[in-house]
Amino acid sequence: MLSDVTSPHDLDDRLRADLAALDAPDHRRDLREPLPDGGSLTGAQALALFDAQLTSRLVDLAGRWLRGFGEGYYTIGSAGHEGNAAVAAALRPTDPALLHYRSGAFYCLRAAQAAGEFPPDAPPVPAGREQDSDPRDSDGSWPDSAWATAPSEAEARAGSACPAGSDPTGAVSHQDPAPGDPASGAAGPADSGDVDAVLLPDGAGVTVDAVGDATVGVPGLPSPSLDDAFAGAARDMLRGMVASAEEPIAGGRHKVFGRADLAVVPTTSTIASHLPRAVGLGLALERLRRGGRRVDGDPEVASWPLDAVVVCSFGDASVNHATATAAFNTAGWYDHTGLRIPVLFVCEDNGLGISVRSPEGWVAAMLRSRPGIRYFDADGTDVVASHRAAAEATAWVRRHRRPAVLHLRTVRLMGHAGADAETAYRSPAEIAADVARDPLLVTARRLVAGGYASGEELLARYDERGWQLRRIAEEVLDEPKLATPVEVVAELAPRRPLRVSRAVADAAAHAAGPGAGARAEAFGGKPPELTGPLTLAQSINAALADGMLDHPQMAVFGEDVAAKGGVYGVTKGLRDRFGVARVFDTLLDETSILGLGLGAGLAGMLPVPEIQYLAYLHNAEDQLRGEAASMRFFSRGAFRNPMVVRVAGLAYQEGFGGHFHNDNSVAVLRDVPGLVIAVPARPDDAAPMLRTCLAAARVDGAVCVFLEPIALYHTRDLHADGDGEWLAEYAEPGAWADRHVPIGRARVYGIGSADDLTIITFGNGVRMSLRAAATLAEEGVGTRVVDLRWLAPLPVADIIREASATGRVLVVDETRRSGGVGEGVLATLVDTGYVGAARRVAALDSFVPLGPAAHQVLVSEEAITEGARTLLAR
């Protein structure tokens, strides 16, 4: 038992003492009977909720115990929030759940539901009897008519659920046939037909005294199984605390609540950042329910019931976070427009954000005021009140397919985490008041008052589970941990290039074969390969259309992408071809746009959100860093959110300046582990690179950023006005496989002999470098220009090969000197032992100013030429 592991306020000892002080019930009630004033809960269900709560509490205590000798690495617990088990009980085990870090009891109860161990609802009430009626008399004794149909010996034995070797409490089973049993040959009151039959309590034992009077004894509580779902859930959580490689969801990478077979989607510890994903998942599920296409038969894609409700929990302090505000606003915005989002937000309000208090009444006022979101509330320390409100809220969301919020008022016990000395900011009286509202004690009192258990029995149950969890904690200590870098990053962003290549080839075969008719119709009888040379924007538009044809689950969305066709016309005509369900405008909030993509990918769709400008992405980049890119890492691939995020960016726009429309900062993207960053410069690269990203998202669940240079969207010429050398033909489907561009492969242009200098660049730098190389060629300098095409992962092999070919490398980086792409290229050269000469030309560490002043801080063609000459002169 873990009674020696206490909080500063002796929470464990206090609970044990309070349980022991509870009296035995005056009379025993059958666990199958409804809990008095308990709504739809039965005694058995309330006991299961208590088991979930005590398991969660004991896991918290075990976490402190493990931390005490340096073997536990996570001590944020669920103590005080165990009422969320009732929320789980009100949901189905197939409803996707995105849980915050105080959800131990919810997780335990969900495990029991999924295992079929959560007791069924009360049986239907016989006609003429009220649901909450009790067949016993007011003094607790059974009426004589209850024994009118006393069971036979065999029936009595069959009905007994007592543990082997024990007798029902307060009774000894009578071995002789009861009066009225046909086997006895004696008539009994049952034969007269003038009394009502009443079922005996489950597991009841019958005692008949010498004069023939019968009494019934109801057995004590069944002992918890040592191998039940609660034990399994506890093992999951303890494995997370000790960073065991056998932990079922993250495999020792983080302590999260998650398991695919429980429909629990892991979330990071970033406050409220999972709420936009929940809204996106709800919107995607409703779209699929209304006839959208889903991925069928793919074992790597989660499948959710079409009538599912998405539940998403968070703390009271999180309601103030920008991501929470974005999620509430988006849910309400879509509801206002008539689109349905079946999401249940659950705010567990303990009044504190570590030490910062939520002002009295603020959380309720804020949640109540959200337009389009139905408000429910309850005492979160009382499982009966919580279950009643959660059941009502869940039923409302499931029926109306609209968002709601459940506000549960909870307490926080044992501080924020193990190192939190809450006596520094909370008074003893305040802490004692919270302890008095301990959810476990509230549930225990319900069970005792209802006649289902005694305090002594519940304490024994608590202690027995405590010993069990102590053993489990000791067992998980011996399990292996991640021991090599390969093990750690194995699930970060696995690449299967052959499968991606095959997917591109399959798309080509379909477009040229069975899908040729639909393709011709979609392009109005004139496919893009027959329209002549295309610009970058036109090539991306055509590739998006081909992607929509090849991926029925693909959707394109963002600000102004539908009716307007995008600020630069890149999505023009897509809505007319594929409909408003697959190409739609969103509200102006990048966090919500990415959140919709995260949820849609989780639902099995292939989302292609657009961020209108690169500078706008910085408002929402944690949705990529903390949520999108981390999903596979924290779920060992059990969940994924494939996504191709189109971003218009980089500088050099003419006539439309300012740093918000000419942002050249990509450092934050290159820092995200596993994120794929593509930057197409040429029209004939854009289409195959986009096809690669779509295939990688579909095959590997990749999260890709497709960064499109705005200044090159409509560029037509390279060297001279009217030469048309920046245009390119669109490849027919038969050529797609041959022109496939794998992730992490560069493109090389040879100018002149190509033996004297290597220029490594990307995006706008490709066009400027080719023009500079032409100038150098007139001076007798042979140059090879390497277009990286992929900023993450960098094409390392191509960089080394082309650098070594000349021994002189000029890195042309249109991003900033500090944190720019050039730093990564030069570091690659150093790390791989390059010994030649190298120089860098990069933009200044400055925001991009308006008008001609921009040329003072950006890379120019002249700067490239001069940099090359300086390098050649060494």
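Think of the range 357-464 as a dipole: +1 on every Lys or Arg Cβ, -1 on every Asp or Glu Cβ, centred on the Cα centre; then among THR410, VAL435, ALA391, ALA391 lies furthest on the positive end. Projecting the Cα positions of THR423, GLY752, SER501 onto the charge dipole of the chain (unit charges on Cβ atoms of Lys, Arg, Asp and Glu, taken about the Cα centre) puts GLY752 furthest along the positive direction. Each DSSP beta bridge with both residues in the range 350-424 is either parallel or antiparallel, and the antiparallel ones are about 25%.
Across the range 593-741, C-alpha contacts under 8 Å between residues 6 or more apart give a mean separation that, scaled by the residue count, equals a relative contact order of 24 percent. Using a simple spin-label model with pseudo-atoms 7 Å out from Cα toward Cβ, ASP576 and GLU779 lie 5.0 nm apart.
Under 5 Å from the amide H of TRP790 lie the amide H atoms of VAL679, each residue being 5 or more positions distant or on a separate chain, with H modelled from the backbone and absent for Pro and chain starts. Taking all protein chains into account, the per residue accessible area for the chain stands at 38 Å² (1.4 Å probe).
Straight-line reach from LYS481: taking Cα to Cα under 26 Å and skipping same-chain neighbours fewer than 8 places apart, the lysines in range are LYS255. Among residues other than PHE847 with Cβ under 10 Å from its Cβ, the summed charge is -1 (Lys and Arg +1, Asp and Glu -1). A 1.4 Å probe over all protein chains sorts ARG784, ARG817 by accessible area into ARG817, ARG784, starting with the largest. Of the residues LEU492, LEU469, the one with the largest accessible area comes first in the ranking LEU492, LEU469, computed with a 1.4 Å probe on protein heavy atoms.
In summary, the lysines within cross-link reach of LYS564, defined as a Cα separation below 29 angstrom excluding same-chain residues under 8 places away, comprise LYS526, LYS572. Compared with the direct C-alpha span, the chain from VAL668 to ARG471 gains 66.4 nm at full extension, assuming 0.36 nm per residue. Ranking PHE578, PHE328, PHE847 by solvent-accessible area of protein heavy atoms (1.4 Å probe, all protein chains present), from largest to smallest, gives PHE847, PHE578, PHE328.
Roughly speaking, to the nearest percent, how much of the range 699-787's 1.4 Å accessible area is carbon and sulfur?
Values: 1310 of 3140 Å².
Carbon with sulfur: 42 percent of the solvent-accessible area.
Scalar couplings 3J(HN,Hα) for the range 752-760, obtained by applying the Karplus form with A = 6.51, B = -1.76, C = 1.60 to θ = phi - 60°, are x, 6, 6, 9, 9, 8, 10, 9, 10 Hz; x denotes Gly and Pro. For LYS481, nonlocal amide neighbours, meaning residues 5 or more places apart or on other chains whose placed amide H falls under 5 Å from its own, are ALA245. Only beta bridges with both residues in the chain are counted; by DSSP, about 25 percent of them are antiparallel. Extension gain for GLU464 to ALA873 (0.36 nm times residue separation, less C-alpha to C-alpha distance): 139.1 nm.
Considering only ILE611, VAL699, ALA326, the residue lying farthest towards the positive end of the dipole of the chain is ILE611, judged by Cα position with unit charges set on Cβ. Within the full protein context, the accessible area of THR484 is estimated at about 60 Å² for a probe radius of 1.4 Å. Pop the C-beta distance of THR531 and ALA20 into the FRET formula with R0 = 60 Å and round what comes out to the nearest 0.05. With R0 = 60 Å, the Cβ-Cβ based efficiency is 0.10.
Considering only alpha-carbon pairs that sit under 8 angstrom and 6 or more positions apart, the relative contact order computed for the range 722-874 is 23 percent. For the chain, the fraction of alpha-carbon pairs lying more than 41 Å apart is 47 percent, rounded to a whole number. Between GLU521 and TRP396, the FRET efficiency estimated from the beta carbon spacing at R0 = 41 angstrom works out to 0.45.
Other residues lying with their Cβ under 11 Å from the Cβ of ASP420 contribute a combined charge of +1, Lys and Arg counting +1, Asp and Glu -1.
Counting each DSSP H run of 4 or more residues in the chain as -39500 (n - 2.57), what helix-only mean residue ellipticity at 222 nm follows after dividing by all residues, to the nearest 500 deg cm²/dmol? When only DSSP H runs of four or more count, the value is -11000 deg cm²/dmol. One chain, two ends: VAL356 and ASP506. Fully extended at 0.36 nm per residue, the span grows by 48.4 nm beyond their Cα-Cα distance. Among residues other than ALA728 with Cβ under 10 Å from its Cβ, the summed charge is -3 (Lys and Arg +1, Asp and Glu -1).
To the nearest 0.05, how large is the calculated FRET efficiency for PHE69 and SER223 if R₀ is 30 Å and r is the Cβ-Cβ distance?
On the way: r = 31 Å, r/R0 = 1.02.
According to the calculation, E is roughly 0.45.
Rolled with a 1.4 Å probe across the full set of protein chains, the surface gives PHE69 an accessible area near 100 Å².
Placing +1 on the Cβ of every Lys and Arg and -1 on the Cβ of every Asp and Glu, with no other charges, gives the chain a dipole of roughly 3280 debye about its Cα centre. Against the chain, whose longest principal axis comes from its Cα atoms, helix 497-512 is set at around 80 degrees.
Summarise the accessible area of the range 390-535 (1.4 Å probe, protein heavy atoms) by the percent that is carbon and sulfur. Of all accessible area on the range 390-535, carbon and sulfur atoms account for 59 percent. Counting only protein heavy atoms and a probe of 1.4 Å, the accessible surface of the range 5-113 is 47% carbon and sulfur.
The values are calculated or read from the model by the stated rules, or taken from the named source; none is laboratory data. Everything numeric in this text was worked out from a predicted model, so none of it was measured. So basically every Cβ, Gly included, is an ideal-geometry build from the backbone, and we count neighbours across all protein chains shown. Protein only, heavy atoms only, side chains kept; ligands, DNA and RNA dropped before computing areas. Shrake-Rupley method; radii C 1.70, N 1.55, O 1.52, S 1.80 Å.
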